[in-house]
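Notes follow once the structure below has been shown.
The values are calculated or read from the model by the stated rules, or taken from the named source; none is laboratory data. Quick caveat: nothing in here was measured; it's all calculated off a predicted structure. We place every Cβ from the backbone using ideal geometry, glycine too, and count neighbours over all the protein chains shown.
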Ligand SMILES: Cc1cc2nc3c(=O)[nH]c(=O)nc-3n(C[C@H](O)[C@H](O)[C@H](O)COP(=O)(O)OP(=O)(O)OC[C@H]3O[C@@H](n4cnc5c(N)ncnc54)[C@H](O)[C@@H]3O)c2cc1C
């Protein structure tokens, strides 16, 4: 559909051209490995730094810097976080992952390298090295009330077996102390419950751009017109999509931004 729309207005589509530079005198000249091009306007749409294996480069940022545009600090986002719990690899459950004012209720997955799943990808966009993420492992339960009730009704049950009623068995075994629930003081059960409702984990890092779905940061939005995506300082230059310092949540917002900003620039360029 896109190609036929392009054909209808005479768009000349060139693929597999690696662009090495964009310069401007009267007009822009664009140098590629398959020849040079001249144009009155250029739209930088070469994306962010995520997944270099799929062709991501810093091209838009490098060109923007050369034209004097500010580029904010960039880091991998929507990315799995690393943590040493390999014994839990494969366990998944619904959680609320929180950091500061951000919180996401989604699935979390333990992997061989750490934590992943939508809850973690979402919160990773807010996380900085050294910070703890607070995870409610039992978002639908009053864990303290549940444990104390089970202590009364099933005092001989193993604590880990009781906990496995609410969460995957391997995670319950990892988190619960040994022994039957009847042996545990209410105070200790309350402390366990509090730990389950607010499990604090400090990831050691992230899996980086190799696994990040988006790039946080990019060309400073203050450099661009929000109506047209035109660079204020460089007439005829536009920047769109993930190259710009706009980062969406999971759920299609990044595609939406790329297409919408592209449309806006296309209307104006
Ligand atoms: C694994 C994965 C899953 C994702 N899932 C979702 C999702 O479900 N929903 C969502 O909204 N977003 C998702 N995203 C993010 C989304 O794909 C991006 O935000 C979006 O594609 C950005 O569009 P863009 O046009 O700005 O850049 P891109 O789509 O990255 O396109 C930029 C293009 O420019 C090319 N390029 C770079 N440098 C040069 C150069 N020097 N010369 C020539 N070409 C060059 C690149 O090879 C690339 O083809 C996902 C991303 C990844 C990596």
Legend entry - Scan of region 235-248 for residues that are near the ligand (Cβ under 9 Å from one of its atoms) and in contact with a strand residue (DSSP E or B) (Cβ under 8 Å, 6 or more places away or on another chain), ordered by number: 240, 242, 243, 244, 247, 248
Legend entry - Selection status of residue 55, surrounded by fewer than 20 Cβ atoms within 10 Å (Cβ to Cβ), within 16 Å of the ligand (Cβ to nearest atom) and either without any contact (Cβ under 8 Å) to a residue 40 or more places away in the chain or within 28 Å of residue 252 (Cβ to Cβ) (or both): yes
Inset, instruction - Would you be able to say whether some residue in region 10-20 is in a strand (DSSP E or B) and in the same structural domain as residue 225 (by TED's automatic domain parsing)? - result: yes
Inset, instruction - Would you check if there is a residue in region 119-133 being touching a residue at least 24 places away in the same chain (Cβ under 8 Å) and either touching a helix residue (DSSP H, G or I) at 6+ places or on another chain (Cβ under 7 Å) or assigned by TED's automatic domain parsing to the domain that holds residue 194 (or both)? - result: yes
Inset, instruction - Using the structure shown, decide if residue 251 is free of Cβ contacts under 8 Å to residues at least 12 places away in the same chain, within 16 Å of the ligand (Cβ to nearest atom) and not in a helix (DSSP H, G or I). - result: yes
Legend entry - Number of positions in region 73-109 that are over 14 Å from the mean Cα position of the chain (by Cα), within 17 Å of residue 251 (Cα to Cα) and assigned to a loop (DSSP other than H, G, I, E, B): 0
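Residue-by-condition table, conditions (1) more than 30 Å from residue 267 (Cβ to Cβ); (2) within 16 Å of the ligand (Cβ to nearest atom); (3) assigned to a loop (DSSP other than H, G, I, E, B); (4) touching a residue at least 60 places away in the same chain (Cβ under 8 Å):
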{"site": "140", "(1), (2), (3), (4)": "yes, no, yes, no"}
{"site": "146", "(1), (2), (3), (4)": "yes, no, no, no"}
{"site": "167", "(1), (2), (3), (4)": "yes, no, yes, yes"}
{"site": "227", "(1), (2), (3), (4)": "no, no, yes, no"}
Inset, instruction - Evaluate the following for residue 75: is it modelled with pLDDT of 95 or more and more than 21 Å from residue 205 (Cα to Cα)? - result: no
Inset, instruction - Quick one: residue 41 ticks every box in (1) in contact with a helix residue (DSSP H, G or I) (Cβ under 8 Å, 6 or more places away or on another chain); (2) more than 10 Å from the ligand (Cβ to nearest atom) except a single one, so which number is it? - result: (1)
Legend entry - Total residues in region 110-128, condition under 15 Å from the mean Cα position of the chain (by Cα), surrounded by fewer than 21 Cβ atoms within 10 Å (Cβ to Cβ) and in a loop (DSSP other than H, G, I, E, B): 3
Inset, instruction - Kindly check whether there is at least one residue in region 97-107 that is outside the structural domain of residue 22 (by TED's automatic domain parsing) and exposed (fewer than 13 other Cβ atoms within 10 Å of the Cβ). - result: yes
Inset, instruction - Determine which member of the set 151, 156 is assigned to a helix (DSSP H, G or I) and without any contact (Cβ under 8 Å) to a residue 60 or more places away in the chain. - result: 151
